[in-house]
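The values are calculated or read from the model by the stated rules, or taken from the named source; none is laboratory data. Predicted model only: the values in this text are computed from it and were never measured. Because the Cβ atoms are built from the backbone with ideal geometry, glycine has one as well, and the counts that use them run over all protein chains shown.
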């Protein structure tokens, strides 16, 4: 199994949206050369204010009924015209839930068509085939959940082929509105946006093993302008929250202001003193 990490040029991606497709494509190519990856099929994580997630409890229903229900649910929280989004959903997603009667747990994902198209263009220009787009944090969680299986000898391609976990909404546009395709946007995976109540997150972080005897993993993702925190128990997400406008850029700007240096110098200072030497989202 190979691993690679490259730094994106400043301004190439802002708030999860690609602003410089050529720079992103060049970075992807550099990543492929550095990591020596043989596969050309990729799953991309998207984030930002125009990518949304909702987890829902719905009565058990037929697939046809479910399509209609997902359209209604998406229309209730998506800003603007639903036809400006791509929408997909997944049943019984890896969120820890206590069974409650005749209910299904649905993972609803949506992304702005323009935002997703930018990802598609950048990936295609790097001569790669886009298999799916997921939200960045959930994509990372899925990756972490596969690590034990990879370590035991299963290949990533085998796991992906046998897994129904990946939301493939770039290709499977199953939810339809009256006028055409629909879409959605996701910032968290627990029905709260980035400004939601964090009390349960703080309680869980204070005592993640309370009442449990199973394996608990805390995932913290510090990006340029967002921090995401998730808690997984036995491969199931129990808590996921995102805090916007907090991240590495805030630290860089604070250093620049405190020491009266430009942003490039401040970034170099941050990296020389920080825990990570080559991370930029």
Worksheet, complete the sentence: Out of (1) closer than 13 Å to residue 126 by Cβ; (2) within 13 Å of the chain's Cα centre (by Cα), the one residue 29 does not meet is (2)
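Of everything in segment 4-22, what is in contact with a strand residue (DSSP E or B) (Cβ under 9 Å, 6 or more places away or on another chain) and at negative phi? Give them in sequence order.
Keep residues of segment 4-22 that are in contact with a strand residue (DSSP E or B) (Cβ under 9 Å, 6 or more places away or on another chain), which gives 12, 15-17, 19-20.
If the condition is that a residue be in contact with a strand residue (DSSP E or B) (Cβ under 9 Å, 6 or more places away or on another chain) and at negative phi, then 12, 17, 19, 20 are the ones that fit.
From 90, 114, grab the single residue that is outside any loop (DSSP other than H, G, I, E, B) and in contact with a strand residue (DSSP E or B) (Cβ under 6 Å, 6 or more places away or on another chain).
Numbers: 114 fails: in contact with a strand residue (DSSP E or B) (Cβ under 6 Å, 6 or more places away or on another chain).
Within the list 90, 114, the selection yields 90.
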Worksheet, complete the sentence: Residue pairs within 6 Å by beta carbon, gap of at least six or interchain, first lying in segment 260-277 and over 15 Å from residue 224 (Cβ atoms), second at pLDDT 90 or above and assigned to a helix (DSSP H, G or I), listed first then second, are 269/255
Discussion item. Out of the residues in segment 213-272 meeting the condition of being in a loop (DSSP other than H, G, I, E, B) and in contact with a helix residue (DSSP H, G or I) (Cβ under 8 Å, 6 or more places away or on another chain), tell me which one is farthest from residue 53 (Cα to Cα).
Written reply: 261
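Each row is one residue, and each column tells you yes or no for (1) surrounded by 16 or more Cβ atoms within 10 Å (Cβ to Cβ); (2) assigned to a loop (DSSP other than H, G, I, E, B); (3) within 22 Å of the chain's Cα centre (by Cα).
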residue	(1), (2), (3)
2	no, yes, yes
8	yes, yes, yes
25	yes, no, yes
43	yes, no, yes
52	yes, no, yes
57	no, no, yes
65	no, no, no
108	yes, no, yes
Response to the item:
Here the residues within segment 222-242 that are at pLDDT 80 or above and either surrounded by fewer than 18 Cβ atoms within 10 Å (Cβ to Cβ) or at positive phi (or both) are 222
Worksheet entry | From the options 275, 204, residue that is surrounded by 14 or more Cβ atoms within 10 Å (Cβ to Cβ), under 23 Å from the mean Cα position of the chain (by Cα) and modelled with pLDDT under 80 | 204
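Would you confirm, using the coordinates I've provided, whether residue 44 is closer than 23 Å to residue 128 by Cα, touching a residue at least 40 places away in the same chain (Cβ under 8 Å) and out of contact with any strand residue (DSSP E or B) (no Cβ under 6 Å at 6 or more places or on another chain)?
So residue 44 fails the test.
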